[in-house]
Structure formats: C-alpha cells, structure tokens
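Presented below is the structure to which this report refers.
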C-alpha cells in the first residue's frame, strides 16, 4: 500500500508572527520555517503504518518554490521513501492544492492520502475535504486514531460531542488531529541518508491545474491590543463598573 | 563498549557562528576532500546568536571575495559615529575614540549573517546540522579528544525515557573544533581537563542585552552608530550602550554590563531598561514596537586571559577561545580570522591540532588583542581612571611594559553590606517591556517543560543557607530571563521554607549564571537540541 502525505512548509509555531508595516502580509524574511505540525503528525502516522507492515511506501508531497527542497529533505530524514515537489512561486489556495493532489493521486494511485487537518498559517481546514470530493472517495477528518484492515480504515474522529468512530473504504482521505501521535525526532544519520533519497520535481504548469484565485486577501492586521484593565476593590465596585458599561 | 550509533568525519565543528562557519568554509576551499560537519544547538542557524553588530569587512573579503555583490539580508554601511557620556538627565557628545571609528564597516544582524553563511558552507559540501546539541566530548584511549556526543532527545524531567526517546549519536572526528561562543559548555570542560588556562589569567565576561525595534517612519538615519557610557552605570560598574540605525525604520539597541561588577544588588536587565528611558534615547523609541529581544554573555578577558587554544585532537576558535576586542566592541572579525587560521593550520599539518596555538599567537589576531590588553582591566579602578588609562594605552598603541591582571568574575561580588550600595536613583520606566518575563516573550524561547533542567545547581542548600544572607541570591537579579526565583513554601506541618526554583524554560542561553554565581555551583548544560531562544535578526 502506498500512502501520499501532504507536507506543507509554514512559519514555525514558535515564531512571533509580525504583520508587514504596509499590511500586505506577514513577515517571512529571516523567519524560521518548518513543517506544519499537523503534517508532521500525518507523516508520523504513515511511517507507523509502514513499520507495522500495512503500508509499503510513504511519499511526501510539497507545493512551493524551488527552495522547498530542503524542507522535503526533512520529511525524507524522518523516514519517507521519496518526495514529490510541485514547483510554483505563487501562494497556493486550498482548492488549487486539492486539485494538485488529485493529479498526483491519479498518477501514483495511493490507497491512502493523509493530510494535516489544517495548516497553521492560513488555518483553512479545506484541502482534505476538497480532495475527497474531487476524487469522489470517502473522507475521515480530525483523526485521533487510525486502524487499517481488510481494505477499510477505522478512524476515531475528534468531534464536538467527543469521539466518533467511522469506517471508510479505501482508497480514502484522512486528515490528522493533534492527538493522533507524537512525531519522532529526526536522527543525524537519517539526515545523511535522506540526501540520497529521490525527490521528483514537477512544474506546477505541467499539471494542467487551473490556479483560480477564488479568495482575495485585502489586508493583514495584527489583533488590536487589549486595553489596560481596571482593578476593582470589591464585588460592589465590580457590579457598579459593569452596570456603568451597560453589561448588567 | 556502548552500542551508540556513530558517524565519522575528518572534522567536527561545534557551533554555527561566524567562527565555526568561516572555519568550515575555509577548510573546504583549501581541501574539498576533507569531510566536515557543523553541529548547532539552535533549531535553525542564527536563532541563538546575538551581537550588536558592527563588523569589519576585511576578513569576509578574504574568505568570500565577492560577498558584497550578495550581502547578508541586513547589511547597512556604517555612517556617522557618535560617542556620548550620559548623566541621569542629560548627555554630552564626546570625540569618538580612535578605535571606535566605523567608516568602511557594516551594521549587520549576526543571526541573519550566519543564516546567510550556512548555505554557502553547504554549497561547498559542509554538513550543517541545526537542532542538535553537542552535549559532551568523547575521548580516545590516549586521552585525546575523539569527537562529540549529541544529547539524547525525549528524556523526561525525572530522567526516564519518553515514548519518542532517541539516543544521541557520537560524532567521531580526527579534529574537534570548538566554536561555541563565549563560555562554551564543552570548552569549559576541556579547559579544565587539559589545564588550558594554566598560564593565563581567568577569563572575563560582560553581559549584553539587546532589542530590535520597529520605529514610526522617518526617525531612523540608516548607518548611524551611537555608543554611550555613564548613566545608568555608577562609576565602579563597567557599562555602556549601543544604538545602531538599520534600514526599514529599524534600530538595534542594547546595553552591556561588565560581569566584574561588585554590587550584589545590580541588575543588568534593569540597567538596560533604564538607559532606554534616558531623555536622549526615549524620544526615538516612543511609539515603536519591539521585534525581537535577547541576551548573551560576551568574552572580554582578551590577551592576558586567552587560554591555550589547542589540545590533542581539538582547537578553540572565536569567542569560546576569547578573541573579542573590547575597546573596539567587536569580535566577529576576530572570529572569522581565527576560523580561517585554524583551517589553514589543519590543512598544512595533516589535521594535527599541534602548533595552532603558536600560529594564532603569532598572528595579527593576537597582535590586535595585545595592543588593547590594558584598557578594560583598568576600569576596575573606576570610570575616570579607566578613561585616562584607555587614552594612554590607545595613544601609545599598548606599548606599556606592564600587563594588568584579570580576576574571575564570580569572585568580584561583594557580600551584602560590605560596600556602600551605589545610589541607583532609577527613573520610573514607561517603555516596554514592563519586566523580564515580558521581555523574554520577544526572545521566543522554547524548551519542552518535560526535560531535565539544563541549569545544574550542585548544592541548592548553599542558595538558602548561605547565599541568601551573604549575597541575597544575586542569581534572581543577574539573570536577564527571570530563570532563578526564591519561593516560599508552606509545608504540611505549617512551617515555612524557602527554596530555589529554576524556571529553565525561560532560559535564553546567555551563560551569565554559569559565570557570575559567587559559589561557582551553577553549571549550564545543553538542553534538548533545538530548545532555547528563537531570535529573529539579532
């Protein structure tokens, strides 16, 4: 069984995000970029399935500029067999990403596609669902447990009411939630081994995917600063203050 | 024999700063077939380096001719120099000392510069590994250094192994090059083991605390370089500020305090914030925002404190050796030069470290330190004596027949009440950050809370039984990140007790505690690789 894993590069979660002074975006120069944490979880799960003997090959997929190669090497160092790099200098919206994945699915014929439930940059939470619809295959989103047997995935989903267990016939799309697993540490010798693993490079233009810009970003702004609080002496003063603000 | 995984290289370098990267680049330029890797504890190159920084470009010209066509991301040609003496309410502009003229130099972010150097090293075939901490040195049977051991990942606070536990590997090499920066944790062990400081004075340090600000448009004069001394330091504390105007309405600013200060109540972080609120500085910053902040120890012992820089199987280069030029307030050019010298030496001598120390001492790196050797130590006798002496030493080019002694910084602290406490007379501050915790936020420091505390205190009873009364627990004040706290506990039987609490997750890896603690019981160890501050453009 072949597993395709989405492996997006985002601004690292430890970075304090700064909006560019002109509001055209967030600062990415000199900023640490790393794998979307949910994608790391997706890759970890795929590797565990391979280690259990369920899967035979794990392929990481990245869509982005030429320098994305170094990022994909991290995925290979973690353990993926090979990588596919779809090269484009433009920002990719969820529908475009889903269409790219569909093309790769047609080419690679995987039985499972594991994606992060969302990327921590735009928090769209759409690509997995869109891919399932375009591919016309089942989807199991927000997975916190995955079991594969008899051509079916039994997936525990994190939903508002608690946990929901569903069965999805393979091939299928699964998106990962935070509690699915804890990704492994990369080992130094594996970084060296990753250098000789193959990365297929595909020009975005050659995929015949229309890059519709359905969404237009007009302005980025930092959250407004919280105004200074007021200390109250006792409950009576608190009630009076709330009344004055018309909240009581 | 352990069954640890091992990787072998001809040369392993600890630390991807200007010294380590320049060394690796030079080595590959001279002998491409030599295999070399660079280990860096920061999660990404440049994330844990902090400097002013105004650099002299000549060593870069020698290392990477043509770099000016492809400069690092922040690289502003030096413009006008200013030198100020501050009192609490005003300041006087003084003539700029000869060593501090910066015409022809560049203001850079050293972090961004290292992130720019690393891919150039990789292009030459150097393996650069960020996110891995060299936790220990390993030795051959004959006692020579055999390489480094990478720290284990996934160890819980109590020492047990978490599910993701990954044993660190050994990197074996013919030569280990220590380029850890000031007070390197492996260098410290090696100096002790090989008695490298037997013929030198104790090393001296300062602490530099820095912020990067984004200002409202129009205030910045790109290239302008302003240094000051005087307030808020008293005349017996070595302290001074830097303020460098960058491009895109940004300024880099910081305050350096000599760690040879004697007042146990001195707080380097507070001194920095006080200086920011000085009337000559505050109007520039008002209305701006902080982009990034951090702190780092600076090596200042110079010529007379330089340990032997070679031992069997290993070398020291850059600030971990102690090559910074204090009066110039620069070390990057020395770091690059020493890295290049080390590479040239190893290539010429079949990767044998022997003879490097003599080569370094015979080079212009050492000549530069010799000229200024008496300037910093004289400030121990007070600001005015220090200034007069600095003028004499500068005018004569350091020909004085004497060499002033350095003392260890941990020994300079007076006990509580042993001296009249300097009147600090600090002002009410209005500029951000409010306190050290608010400041640490801008360092984006991150340590997995469930890992062993990497600040090892040999005997915490000393903190409570002895230090509280003798020095008043200065660790709670010299740490710029509020790592050390004395907390009161109420025990089950109702009795009260005090204990040292170490907030290791706040640590910005500046090493001040390892240097200044008066009982020498704090040891800074490497935390899990990738932990620590994530500086942006410092």
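The values are calculated or read from the model by the stated rules, or taken from the named source; none is laboratory data. Every value quoted in this text rests on a predicted model; they were computed, and no experiment measured them. A quick note on method: Cβ atoms are made from the backbone with ideal geometry, for glycine too, and the neighbour counts reach across all protein chains shown.
Considering only residues that are within 30 Å of residue B:33 (Cβ to Cβ) and out of contact with any strand residue (DSSP E or B) (no Cβ under 6 Å at 6 or more places or on another chain), look in the range B:95-120 and name the one that is nearest to the other protein chains (Cβ to nearest Cβ).
Across the range B:95-120, the extreme among qualifying residues is B:115.
Residues of the range B:326-337 being part of a loop (DSSP other than H, G, I, E, B) and buried (at least 24 other Cβ atoms within 10 Å of the Cβ), which ones?
Let us first name the residues in the range B:326-337 that are part of a loop (DSSP other than H, G, I, E, B), namely B:326-329, B:331.
Within the range B:326-337, B:326, B:331 qualify.
State whether one or more residues within the range B:84-94 are over 20 Å from residue B:48 (Cα atoms), within 14 Å of another protein chain (Cβ to nearest Cβ) and out of contact with any helix residue (DSSP H, G or I) (no Cβ under 7 Å at 6 or more places or on another chain). Give the steps one after another, and end with the answer.
If we filter the range B:84-94 for residues that are over 20 Å from residue B:48 (Cα atoms), which is where we start, we get B:84-94.
Checking which are within 14 Å of another protein chain (Cβ to nearest Cβ) leaves us with none.
Looking through the range B:84-94, none of the residues is over 20 Å from residue B:48 (Cα atoms), within 14 Å of another protein chain (Cβ to nearest Cβ) and out of contact with any helix residue (DSSP H, G or I) (no Cβ under 7 Å at 6 or more places or on another chain).
For the range B:339-356, enumerate the residues that are assigned to a helix (DSSP H, G or I), touching a residue at least 12 places away in the same chain (Cβ under 8 Å) and surrounded by fewer than 21 Cβ atoms within 10 Å (Cβ to Cβ). Outline the logic, then answer.
Let us first name the residues in the range B:339-356 that are assigned to a helix (DSSP H, G or I), namely B:339-348, B:356.
Retained after the next criterion (residues that are touching a residue at least 12 places away in the same chain (Cβ under 8 Å)): B:339-347, B:356.
Within the range B:339-356, B:344, B:347 meet the criteria.
Being surrounded by 16 or more Cβ atoms within 10 Å (Cβ to Cβ) and away from chain A (no Cβ under 12 Å) is the filter here, so list the residues in the range B:437-450 that pass it.
Let us first name the residues in the range B:437-450 that are surrounded by 16 or more Cβ atoms within 10 Å (Cβ to Cβ), namely B:439-440, B:442-448.
The one that is surrounded by 16 or more Cβ atoms within 10 Å (Cβ to Cβ) and away from chain A (no Cβ under 12 Å): B:439.
Confirm whether residue B:211 is buried (at least 24 other Cβ atoms within 10 Å of the Cβ) and either in contact (Cβ under 8 Å) with a residue 12 or more places away in the chain or within 14 Å of another protein chain (Cβ to nearest Cβ) (or both). Let's see the steps before the verdict.
Working: buried (at least 24 other Cβ atoms within 10 Å of the Cβ): yes; either in contact (Cβ under 8 Å) with a residue 12 or more places away in the chain or within 14 Å of another protein chain (Cβ to nearest Cβ) (or both): yes.
In short, yes.
Among (1) touching a helix residue (DSSP H, G or I) at 6+ places or on another chain (Cβ under 9 Å); (2) surrounded by fewer than 20 Cβ atoms within 10 Å (Cβ to Cβ); (3) within 29 Å of residue A:73 (Cβ to Cβ); (4) in contact (Cβ under 8 Å) with a residue 12 or more places away in the chain, there is one condition residue A:192 misses while meeting the rest; what is its number?
The single condition residue A:192 does not satisfy is (4).
Identify, from the list A:100, A:105, A:87, the residue that is touching a helix residue (DSSP H, G or I) at 6+ places or on another chain (Cβ under 7 Å), surrounded by fewer than 22 Cβ atoms within 10 Å (Cβ to Cβ) and over 22 Å from residue A:168 (Cα atoms). Step through it out loud before you land on a result.
Details: A:100 fails: surrounded by fewer than 22 Cβ atoms within 10 Å (Cβ to Cβ); A:105 fails: over 22 Å from residue A:168 (Cα atoms).
Selected residue: A:87, the only one of A:100, A:105, A:87 that is touching a helix residue (DSSP H, G or I) at 6+ places or on another chain (Cβ under 7 Å), surrounded by fewer than 22 Cβ atoms within 10 Å (Cβ to Cβ) and over 22 Å from residue A:168 (Cα atoms).
Of everything in the range B:140-158 that's out of contact with any strand residue (DSSP E or B) (no Cβ under 6 Å at 6 or more places or on another chain) and in a loop (DSSP other than H, G, I, E, B), which residue is nearest to the other protein chains (Cβ to nearest Cβ)?
Per the stated criteria, the residue is B:152.
Any chance the range B:302-325 includes a residue that's crowded, with 23+ Cβ neighbours inside 10 Å, within 20 Å of residue B:245 (Cα to Cα) and modelled with pLDDT of 95 or more?
No, the range B:302-325 contains no residue that is crowded, with 23+ Cβ neighbours inside 10 Å, within 20 Å of residue B:245 (Cα to Cα) and modelled with pLDDT of 95 or more.
For the subset of the range B:122-133 comprising residues that are in contact with a strand residue (DSSP E or B) (Cβ under 6 Å, 6 or more places away or on another chain) and either at the interface with another protein chain (Cβ under 10 Å from one of its Cβ atoms) or not in a loop (DSSP other than H, G, I, E, B) (or both), which member is farthest from residue B:39 (Cα to Cα)?
Taking the range B:122-133 as the starting set, the residues that turn out to be in contact with a strand residue (DSSP E or B) (Cβ under 6 Å, 6 or more places away or on another chain) are B:122, B:126-130, B:132.
Filter once more, keeping what is either at the interface with another protein chain (Cβ under 10 Å from one of its Cβ atoms) or not in a loop (DSSP other than H, G, I, E, B) (or both): B:122, B:127-130, B:132.
Details: B:122: 13, B:127: 9, B:128: 6, B:129: 5, B:130: 6, B:132: 6 Å.
The residue in question is B:122.
Among the residues of the range A:4-29, what is the count of those that are assigned to a loop (DSSP other than H, G, I, E, B), touching a strand residue (DSSP E or B) at 6+ places or on another chain (Cβ under 6 Å) and within 11 Å of chain B (Cβ to nearest Cβ)?
So in the range A:4-29, the residues assigned to a loop (DSSP other than H, G, I, E, B) come out as A:7-8, A:12-18, A:20-25, A:27-29.
Now drop any that are not touching a strand residue (DSSP E or B) at 6+ places or on another chain (Cβ under 6 Å), which leaves A:7, A:12, A:14, A:17.
Still in the list and also within 11 Å of chain B (Cβ to nearest Cβ): A:12, A:14, A:17.
So the answer is 3.
Does residue B:164 meet the test of being under 18 Å from residue A:190 (Cβ atoms), within 10 Å of chain A (Cβ to nearest Cβ) and over 26 Å from the mean Cα position of the chain (by Cα)?
Values: under 18 Å from residue A:190 (Cβ atoms): yes; within 10 Å of chain A (Cβ to nearest Cβ): yes; over 26 Å from the mean Cα position of the chain (by Cα): yes.
So residue B:164 fits the description; yes.
Could you identify the single residue in B:428, B:466 that is assigned to a helix (DSSP H, G or I) and either more than 14 Å from every other protein chain (Cβ to nearest Cβ) or under 30 Å from residue B:286 (Cβ atoms) (or both)?
Only one candidate passes the filter, namely B:466.
In the range B:389-409, what residues are under 30 Å from residue B:523 (Cβ atoms) and either modelled with pLDDT under 85 or touching a helix residue (DSSP H, G or I) at 6+ places or on another chain (Cβ under 6 Å) (or both)? It would help to see each step written out before you state the result.
Taking the range B:389-409 and keeping what is under 30 Å from residue B:523 (Cβ atoms), we get B:404-409.
B:404, B:406, B:409 - these are the residues of the range B:389-409 that are under 30 Å from residue B:523 (Cβ atoms) and either modelled with pLDDT under 85 or touching a helix residue (DSSP H, G or I) at 6+ places or on another chain (Cβ under 6 Å) (or both).
Please indicate, with yes or no, whether at least one residue in the range A:138-148 is more than 30 Å from residue B:166 (Cβ to Cβ) and either within 14 Å of another protein chain (Cβ to nearest Cβ) or over 19 Å from the mean Cα position of the chain (by Cα) (or both).
Within the range A:138-148, not a single residue is more than 30 Å from residue B:166 (Cβ to Cβ) and either within 14 Å of another protein chain (Cβ to nearest Cβ) or over 19 Å from the mean Cα position of the chain (by Cα) (or both).
Here are B:230, B:239: which of them is at positive phi, in contact with a strand residue (DSSP E or B) (Cβ under 7 Å, 6 or more places away or on another chain), touching a residue at least 24 places away in the same chain (Cβ under 8 Å) and crowded, with 18+ Cβ neighbours inside 10 Å? Spell out how you get there, then give the answer.
Working: B:239 fails: at positive phi.
Of B:230, B:239, the one residue that is at positive phi, in contact with a strand residue (DSSP E or B) (Cβ under 7 Å, 6 or more places away or on another chain), touching a residue at least 24 places away in the same chain (Cβ under 8 Å) and crowded, with 18+ Cβ neighbours inside 10 Å is B:230.
Which residue is nearest to residue B:137 (Cα to Cα), if the candidates are limited to the range B:168-180 and must be facing chain A (nearest Cβ under 9 Å) and either at pLDDT below 95 or crowded, with 21+ Cβ neighbours inside 10 Å (or both)?
B:171
Specify which of the listed residues (B:104, B:131, B:125, B:111) is more than 20 Å from residue B:253 (Cβ to Cβ) and surrounded by 21 or more Cβ atoms within 10 Å (Cβ to Cβ).
Details: B:104 fails: surrounded by 21 or more Cβ atoms within 10 Å (Cβ to Cβ); B:125 fails: surrounded by 21 or more Cβ atoms within 10 Å (Cβ to Cβ); B:111 fails: more than 20 Å from residue B:253 (Cβ to Cβ).
One residue alone meets the criteria, B:131.
Take residue B:77 and decide whether it is touching a residue at least 12 places away in the same chain (Cβ under 8 Å) and more than 30 Å from residue B:175 (Cβ to Cβ). Talk me through it step by step, then tell me what you get.
On the way: touching a residue at least 12 places away in the same chain (Cβ under 8 Å): yes; more than 30 Å from residue B:175 (Cβ to Cβ): yes.
Yes.
Taking the range A:171-195, which residues are within 13 Å of chain B (Cβ to nearest Cβ) and either part of a loop (DSSP other than H, G, I, E, B) or on the phi > 0 side of the Ramachandran plot (or both)?
Matches in the range A:171-195: A:181, A:182, A:183, A:184, A:185, A:186, A:187, A:195.
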